[in-house]
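Shown next, in structure tokens, is the structure this report addresses.
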């Protein structure tokens, strides 16, 4: 059965993703159900994104042009599992990024997506994209220590793709 997507429908949903041996959660929000997808990769490990969604929306205003994915990576926020052994490795975190990108492309019906990586998340995005291993249209890398007011000056650089 095919689900009909209403192009002007607002998107706001919390979804679980089974990546490897863990369940990880993401909040997907945007103005239109047909907007390009933008995955935010935290500056972690250990920093949740879902809890910060409202602050990111106010500071960056990306939901007007994208379906923004606020992802709580393995061991953080809603993805924290007190019964799971969590000793993340760089290779494991990169694999989670690749798996999440593939799952998002499949679930949201897109061939590729945009990524914003914050601090360590920027490194994970680059490693995931290395040699075309993940279908990333455009990576955007943010350095640590940026003040929210300065983020506004950067916002126009991240634009929705035409068509």
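The values are calculated or read from the model by the stated rules, or taken from the named source; none is laboratory data. From a predicted model like this one, the values you see are computed outputs, not experimental measurements. Counting neighbours? That spans all protein chains shown, and the Cβs are built from the backbone with ideal geometry, glycine included.
Cβ contacts < 8 Å: first residue under 16 Å from residue 107 (Cβ atoms), restricted to the stretch 1-22; second residue at pLDDT below 60 and assigned to a loop (DSSP other than H, G, I, E, B), any location; separation 6+ or different chain. Result?
none
Among the candidates 14, 60, which residue alone is more than 20 Å from residue 112 (Cα to Cα) and in contact with a helix residue (DSSP H, G or I) (Cβ under 6 Å, 6 or more places away or on another chain)?
Just a single option satisfies the conditions, and that option is 60.
Which of the residues that make up the stretch 106-128 are assigned to a strand (DSSP E or B) and either touching a helix residue (DSSP H, G or I) at 6+ places or on another chain (Cβ under 7 Å) or surrounded by fewer than 16 Cβ atoms within 10 Å (Cβ to Cβ) (or both)?
The answer is 113, 115, 117.
Look at residue 53 and say whether it is more than 20 Å from residue 112 (Cβ to Cβ) and not in a strand (DSSP E or B).
Details: more than 20 Å from residue 112 (Cβ to Cβ): yes; not in a strand (DSSP E or B): yes.
Criteria met by residue 53.
Has the stretch 76-97 got any residue that is at pLDDT 90 or above and under 26 Å from residue 33 (Cβ atoms)?
yes
Condition first: touching a residue at least 40 places away in the same chain (Cβ under 8 Å) and within 20 Å of residue 105 (Cβ to Cβ). Can you find one or more residues in the stretch 55-65 that meet it?
yes
Among the residues of the stretch 55-64, is there at least one that is closer than 21 Å to residue 136 by Cβ, surrounded by 14 or more Cβ atoms within 10 Å (Cβ to Cβ) and modelled with pLDDT under 85? Before the answer, list the steps.
Keep residues of the stretch 55-64 that are closer than 21 Å to residue 136 by Cβ, which gives 56, 60, 62-63.
Pick out the ones that are also surrounded by 14 or more Cβ atoms within 10 Å (Cβ to Cβ) and you get 56, 60, 62-63.
Those still in the list that are modelled with pLDDT under 85 too: 56, 60.
Scanning the stretch 55-64 turns up at least one residue that is closer than 21 Å to residue 136 by Cβ, surrounded by 14 or more Cβ atoms within 10 Å (Cβ to Cβ) and modelled with pLDDT under 85.
Can you spot a residue in the stretch 29-52 that is over 21 Å from residue 12 (Cβ atoms), crowded, with 17+ Cβ neighbours inside 10 Å and at pLDDT 85 or above?
Scanning the stretch 29-52, I find no residue that is over 21 Å from residue 12 (Cβ atoms), crowded, with 17+ Cβ neighbours inside 10 Å and at pLDDT 85 or above, so the answer is no.
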